[in-house]
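Peer 1: Below is one structure. I have some questions about it.
The values are calculated or read from the model by the stated rules, or taken from the named source; none is laboratory data. Remember, predicted model here, so these are calculated numbers, not experimental data. Using ideal geometry, Cβ is built from the backbone for each residue, glycine included, and neighbour counts are taken over all protein chains shown. Heads up: the accessible areas ignore ligands, DNA and RNA and are worked out on the full protein's heavy atoms, side chains in. Shrake-Rupley method; radii C 1.70, N 1.55, O 1.52, S 1.80 Å.
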Amino acid sequence: MQYKGVIFDLDGVICFTDRFHYLAWKQAVEPLGVYFDEKINDRLRGVSREQSLEIILEKYDGKLSSQEKASLCETKNNIYKQLLTNLSPNDVSEDVMFTLCSLKHRGVPIAIGSSSKNTRFILERLGILEIFDAISDGNGLTKSKPDPEVFLKAANMLQLPPDKCLVVEDAESGIDAGNAGGFTTVGIGVAASYEKSNYKINKLSDILQLKGN
């Protein structure tokens, strides 16, 4: 296929903050006595904060009001943002930086399509905010992946049709979202073994071998 733009998921593709999500959720729900482990945390990939809490509470016997749930989400986010202050440009791998710079050099527009409401903050901490031509994140969404809204908004910002964009994802829900939106999907990490990924790569720079423009 010929692509004219690339839309990247953030966490698990550009950077890796899974450990921060895990620690923040664990600390936030600990007072409830809710069991939470890394296996459950893996299910939260590409899912909104509110939906993540619902997954965590699946085996919780008690009942929480919508206000209590909102408070828990806020607590988690405050802990998470504090942990994110540990991020720096050193957390961007050479492979990721090489890929982004190569695409920019080729004149290929690039965007972020992430459910995270902390996307800009994370990119600022990493020192790569200005590299991206567009950012579609959780602050402007009404639906979470596997709904394609986040990617459709990113494509619109790039002024490109979905079928001319690659979507690079590490989560199955993200691949499903990309496919649903009419994008060509590229699976990396966990999604590299997902049968619905149009392409499967081992490292981000592998996308440079795909035919662009």
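Peer 1: Lys pairs in the range 83-213, Cα-Cα under 17 Å, at least 8 apart or on separate chains: how many?
Peer 2: The result is 12.
Peer 1: Using a 10 Å cut-off on Cβ atoms, rank the peptides 179-189, 21-31 from the highest mean neighbour count down.
Peer 2: Final packing ranking: 179-189, 21-31.
Peer 1: What ³J(HN,Hα) values, in whole Hz, does the Karplus curve 6.51 cos²θ - 1.76 cosθ + 1.60 give for the range 117-132 when θ = phi - 60°, with x put for Gly and Pro?
Peer 2: Running phi through 6.51 cos²θ - 1.76 cosθ + 1.60 with θ = phi - 60° gives 7, 9, 3, 5, 4, 5, 5, 5, 4, 7, x, 10, 4, 6, 5, 7 Hz.
Peer 1: So how far apart, in nm, are the two label points at PHE16 and SER71 if each is 7 Å from Cα heading toward Cβ?
Peer 2: It is 3.6 nm.
Peer 1: Got a number for carbon plus sulfur as a percent of the chain's accessible area, 1.4 Å probe? Please report the intermediate quantities before stating the final value.
Peer 2: On the way: 4990 of 10510 Å².
Of the solvent-accessible surface of the chain, carbon and sulfur hold 47 percent.
Peer 1: A further question on this structure: What share of Cα pairs, in percent, lie more than 20 angstrom apart in the range 47-192?
Peer 2: The share of Cα pairs beyond 20 Å in the range 47-192 comes to 55 percent.
Peer 1: Now for a separate question. Would you tell me the accessible area of VAL150, worked out with a 1.4 angstrom probe on the heavy atoms of the protein chains, in Å² to the nearest 10?
Peer 2: So the heavy atoms of VAL150 present about 0 Å² to solvent.
Peer 1: Here's another thing I want to ask about it. Going highest first, how would you order 34-46, 110-122 by mean Cβ packing within 10 Å?
Peer 2: Working: 34-46: 16.1, 110-122: 23.1.
The peptides rank, most packed first, as 110-122, 34-46.
Peer 1: Let me ask something additional. Positive end of the charge dipole of the range 64-213 (Lys, Arg +1 and Asp, Glu -1 on Cβ, about the Cα centre): tell me which of ASN198, CYS101, GLY187 has its Cα farthest that way.
Peer 2: CYS101
Peer 1: Decide, for the range 110-175, between rounded, prolate and oblate: order the square roots of the alpha carbon gyration tensor eigenvalues as a ≥ b ≥ c, take rounded if a/c falls under 1.5, and otherwise choose prolate if a/b is larger than b/c, else oblate.
Peer 2: oblate
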